[in-house]
Amino acid sequence: MADSNVHPGEGGLPRLVLTSADGGRAEVYLHGAHVARWTTGDGDDVLYLSPRSRFEAGQAIRGGIPVVFPQFATRGPLPKHGFARTAEWALIDASSDTATLELVDTPETRAVWDFSFHARLRMEIGDGLRMSLSIRNTDVRPFDFTCALHTYDRVPDITRTEVVGLEGVKYIDSVTGESHVQSGDRLDFRGETDRIYLDAPEMLRIRDLDGGRTITIAKHGFPDAVVWNPWAEKSAALDDLGEGEHARFVCVEAGCIGRPVHLSPGETWEGRQVIRVS
Ligand code: TA6
């Protein structure tokens, strides 16, 4: 029975712990289907999780991998980043190193987005963290949505970090609202960065310039990629983040944002992401 692996985690929220044969470990909250921590077999704590994160109903966990659905950011009439990250998902299947969680429409979701849907998030740890998000239209009408896996990657120092693989890709700068094309293959960080890269390559890398690790993100079915760091002022202003915390992470998010996904009744969309560390 999958539920027997679920125990209270931080804030008493139901949490599932996955373990892999090589000693890896992940903590998954049913609240938001949220991978809050993932540590590799080598002991690398790959995801950033804010020490000030809230773990409570109605609040998104700050860090790990929030699931953004059915609306990315404020690009529509719904609450920011939709409702999936604050909804209670059901665990429908689990083994020691895999889990599948499901969210279906409820009176609460229908009050903000009046469609019937089945969302599933499958995850597996081993030589990497594999995730696949699927959305099925169980309504009698078509619907459109945007989504993302809003991954917070832990870095030793954001000023000594670069994201590689975006050369020549068009992006929307969410800070200024302007569109640009990425020049050069290396994106480094000197201030607030909040960009939606449209039709980004399937493989992106986050490199530690001081010779530490490289995080590789491979995405399939998610055409876009968001790169976000709030920098000092905005980090300090967020009460679940705090002063100086921006230095410890960069978000690289696999997403479907530029062109919303259109699903007819009975259709299913799927996007996958694999994160590895070397
Ligand atoms: O994905 C980037 C972004 O949309 C940023 O604009 C920033 O607001 C971030 O998400 C976090 O949003 P949150 O609602 O979790 O504070």
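What follows draws every value from the coordinates through simple rules; no lab data is involved. Note that the structure is predicted; figures quoted are calculated from it, not measured. For neighbour counting, all protein chains shown are included, and Cβ atoms are generated from backbone atoms with ideal geometry for every residue, glycine included.
Residues in the range 46-65 that are in contact with a helix residue (DSSP H, G or I) (Cβ under 9 Å, 6 or more places away or on another chain), within 17 Å of A26 (Cβ to Cβ) and more than 10 Å from the ligand (Cβ to nearest atom): Y48, S53, F55.
For residues in the range 147-167 being part of a loop (DSSP other than H, G, I, E, B) and in contact with a helix residue (DSSP H, G or I) (Cβ under 9 Å, 6 or more places away or on another chain), which is nearest to G76 (Cα to Cα)?
Filtering first and then ranking leaves H150.
Report yes if T161 is within 16 Å of the ligand (Cβ to nearest atom), of a type in the set (S, T, Y) and surrounded by 23 or more Cβ atoms within 10 Å (Cβ to Cβ), otherwise no.
On the way: within 16 Å of the ligand (Cβ to nearest atom): no; of a type in the set (S, T, Y): yes; surrounded by 23 or more Cβ atoms within 10 Å (Cβ to Cβ): yes.
So T161 does not fit the description; no.
Screening the range 54-76 for residues that are out of contact with any Cys (no Cβ under 6 Å at 6 or more places or on another chain) and outside any loop (DSSP other than H, G, I, E, B) and picking the one that is farthest from E88 (Cα to Cα) gives G63.
Taken together, R54, R75, R25, R62 contain a single residue that is crowded, with 21+ Cβ neighbours inside 10 Å, among the basic types (K, R) and at negative phi, which is R62.
For the range 208-239, what are the residues that are assigned to a strand (DSSP E or B) and within 13 Å of I158 (Cα to Cα)?
At the first step, the residues of the range 208-239 found to be assigned to a strand (DSSP E or B) are 208, 214-220, 224-229.
Across the range 208-239, the qualifying residues are D208, V227, W228, N229.
Residue count for the range 66-118, restricted to those that are of a type in the set (V, I, T) and away from the ligand (no atom under 16 Å from the Cβ): 6.
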